[in-house]
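Pasting a structure below so you can have a look.
The values are calculated or read from the model by the stated rules, or taken from the named source; none is laboratory data. Since the structure is predicted, the reported quantities are computational estimates derived from the model, not experimental observations. Note that each Cβ is placed from the backbone with ideal geometry, even for glycine, and that neighbours are counted across all protein chains shown.
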Amino acid sequence: MQLLKKHTNIALAYFLLVGLMGVFLRLFYILPIPANYRFIVHAHSHVALLGWVYIALITLIYKLYFSEVQKTQLYKRIIWFTNICILGMLLSFPFQGYALFSIVFSTLFLLATYWLGWFFFKHIPKKFKNTPSYVCIKASIWYMLFSSIGPWTIGGIMSTLGSTSIWYKLSIYFYLHFQYNGWFILALVGVLFYLLELFSIKIEQKKFKNFFLLINLSIVLSFFLSVLWTKPPAIFYILAAIGATIQVMAFLYFFRIVQNAWPILKKRLSPIVLKLLKLSGLLLFVKIIFQLISAIPYFANLAFHYKDFVIGYLHWTFLGVVSLCLFAFLEHFKLVRLNGSIMALYIIGFVFSEFLIFYKAMQLWLRWPAFSEHPILLLVISALIPLAVGALMTKNFYSKIKV
């Protein structure tokens, strides 16, 4: 348990750094900063996905499935190799962007994910192999591995077509789509199903099979939402719309499964975990609606022209759906110790920063009134997130020491 608490603190430290880099990026709109904005964005996004979320998720997965398996040393080697790769990206991206050292560490990180995938598939205890939770988490890891096709193509695209090519952006969108919608979301669904199994809550087999089939179809087909900005042939719009619609159907099955289990979950989960899961579920519902709307050509084009819509959506998913759900699960499995004040601070920072990001997009689109204080307000509000994460990390560190 101490090992996993240590890894959770490492994940929180990455989250703190991500938040501080986010605040630093806001300063570019207020003061002349002697740094490359795009380079900092690269570091910010890589550490967010591969530091905080990745480390937190694999720590949870190890806690769920491998606590009784005597493979601690091998797991520790994988984690340390992974952290060396993340630190390498953290120290190289801000100074050179996509160049020799950052590409080397990014490539090594992909190899680390393959190592982790091999470890998971080879050493998973047999008793879990037919459970809905394992089926979902296994699929999520396959999506994580599949998403790596995007980064592998970037080097070739940059050397031949350049970073202004649509294929450069498409390779990034490919990676982000299967990370967010395949790896992150499906893994968190798997953790929730693990809780149902832990509490002996029966998951109706037919509903689960329908959900699993539909969610996988939607993950594949909804990728085409990410290509609509290129104004492709009509077939891509059709596939994107089908994917977004199937996703709605898939999560209708998912929410029904959760609804049936909710009376027992209310008795077995702490109030703070329940509140975070409910909020994360609400944000997930809105995310699905966002994607459904983006299948309409007019709105797909809108997102391309006004980048704040995309930034708002990505933060909505990362800071809202994924991070709040991770906090809930880490709390339940005693890997962090949350309190209401810290989470209230985090949620205030998230909600108001999202409001300001989307307001700017709406202001540019609909010519809403602009206000000169917007950059400073966004800077101050965004600072609440690393403040909350830093307080949580400190609290968790000293809680660990006292055990």
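List every residue pair whose Cβ atoms lie under 8 Å apart, where the two residues are 6 or more positions apart in sequence or sit on different chains, the first residue falls within region 287-312 and is within 25 Å of His374 (Cβ to Cβ), and the second residue, located anywhere, is hydroxyl-bearing (Ser, Thr, Tyr).
Within 8 Å, the pairs are Lys287/Tyr313; Lys287/Thr317; Phe290/Tyr313; Ala303/Ser294; Ala303/Tyr313.
Taking the stated definitions as given, is Ser218 touching a Ser or Thr at 6+ places or on another chain (Cβ under 9 Å), part of a helix (DSSP H, G or I) and assigned by TED's automatic domain parsing to the domain that holds Leu364?
Answer is no for this residue.
Would you mind finding the one in Leu195, Leu116, Leu186, Leu170 that is in the same structural domain as Met21 (by TED's automatic domain parsing) and either assigned to a helix (DSSP H, G or I) or touching a strand residue (DSSP E or B) at 6+ places or on another chain (Cβ under 9 Å) (or both)?
From the options Leu195, Leu116, Leu186, Leu170, the qualifying one is Leu116.
Determine which member of the set Leu57, Leu16, Leu4 is modelled with pLDDT of 95 or more and farther than 22 Å from His177 by Cβ.
The unique qualifying residue is Leu16.
For region 323-403, which helices (runs of 4 or more DSSP H) that fit wholly inside it have 1 or more residues that are in contact with a Pro (Cβ under 9 Å, 6 or more places away or on another chain), surrounded by fewer than 20 Cβ atoms within 10 Å (Cβ to Cβ) and not assigned by TED's automatic domain parsing to the domain that holds Lys63?
Output list reads 340-366.
Here is a further query. Any residue at all in region 298-319 that is modelled with pLDDT under 95, assigned to a loop (DSSP other than H, G, I, E, B) and touching a helix residue (DSSP H, G or I) at 6+ places or on another chain (Cβ under 8 Å)?
yes
So which of Phe101, Phe109 ends up being more than 21 Å from Gly190 (Cα to Cα), of a type outside the set (A, V, I, L, M) and crowded, with 20+ Cβ neighbours inside 10 Å?
From the options Phe101, Phe109, the qualifying one is Phe109.
Identify, by number, the condition in (1) of a type in the set (A, V, I, L, M, F, W, C); (2) in contact with a Ser or Thr (Cβ under 9 Å, 6 or more places away or on another chain); (3) modelled with pLDDT under 95 that Leu356 doesn't meet.
Going through the list (1) of a type in the set (A, V, I, L, M, F, W, C); (2) in contact with a Ser or Thr (Cβ under 9 Å, 6 or more places away or on another chain); (3) modelled with pLDDT under 95, Leu356 breaks only (3).
Yes/no per residue for (1) surrounded by 21 or more Cβ atoms within 10 Å (Cβ to Cβ); (2) polar (S, T, N, Q); (3) in contact with a Cys (Cβ under 7 Å, 6 or more places away or on another chain):
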| position | (1), (2), (3) |
| --- | --- |
| Ile166 | no, no, no |
| Lys169 | no, no, no |
| Asn181 | yes, yes, no |
| Gly190 | yes, no, yes |
| Glu197 | no, no, no |
| Ile203 | no, no, no |
| Lys207 | no, no, no |
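Across region 84-94, what is the number of residues that are surrounded by 20 or more Cβ atoms within 10 Å (Cβ to Cβ) and under 19 Å from Val53 (Cα atoms)?
Within region 84-94, residues that are surrounded by 20 or more Cβ atoms within 10 Å (Cβ to Cβ) and under 19 Å from Val53 (Cα atoms) number 5.
Then there is this: Please determine whether any residue of region 240-251 is over 20 Å from Glu331 (Cα atoms), of a type in the set (A, V, I, L, M), surrounded by fewer than 19 Cβ atoms within 10 Å (Cβ to Cβ) and modelled with pLDDT under 95.
Scanning region 240-251, I find no residue that is over 20 Å from Glu331 (Cα atoms), of a type in the set (A, V, I, L, M), surrounded by fewer than 19 Cβ atoms within 10 Å (Cβ to Cβ) and modelled with pLDDT under 95, so the answer is no.
Is it the case, given these coordinates, that Phe223 is touching a residue at least 24 places away in the same chain (Cβ under 8 Å), touching a helix residue (DSSP H, G or I) at 6+ places or on another chain (Cβ under 8 Å) and within 16 Å of Ile141 (Cβ to Cβ)?
Answer is no for this residue.
Name every residue in region 258-272 that is in a helix (DSSP H, G or I) and either at positive phi or of a type in the set (A, V, I, L, M, F, W, C) (or both), in order of residue number.
Val258, Ala261, Trp262, Ile264, Leu265, Ile272
State all residues of region 48-73 that are surrounded by 24 or more Cβ atoms within 10 Å (Cβ to Cβ), over 14 Å from Leu17 (Cα atoms) and of a type outside the set (A, V, I, L, M); if no residue qualifies, say none.
Selection gives Tyr54, Thr59.
Turning to a different aspect of this structure: Could you list, ordered by first residue, the pairs with Cβ atoms under 9 Å in which the first is in region 366-392 and more than 22 Å from Ala344 (Cα to Cα) and the second is polar (S, T, N, Q), at least 6 apart or interchain?
Short answer, once both residue conditions are applied: Pro369/Gln363; Ala370/Gln363; Phe371/Gln363; His374/Gln363.
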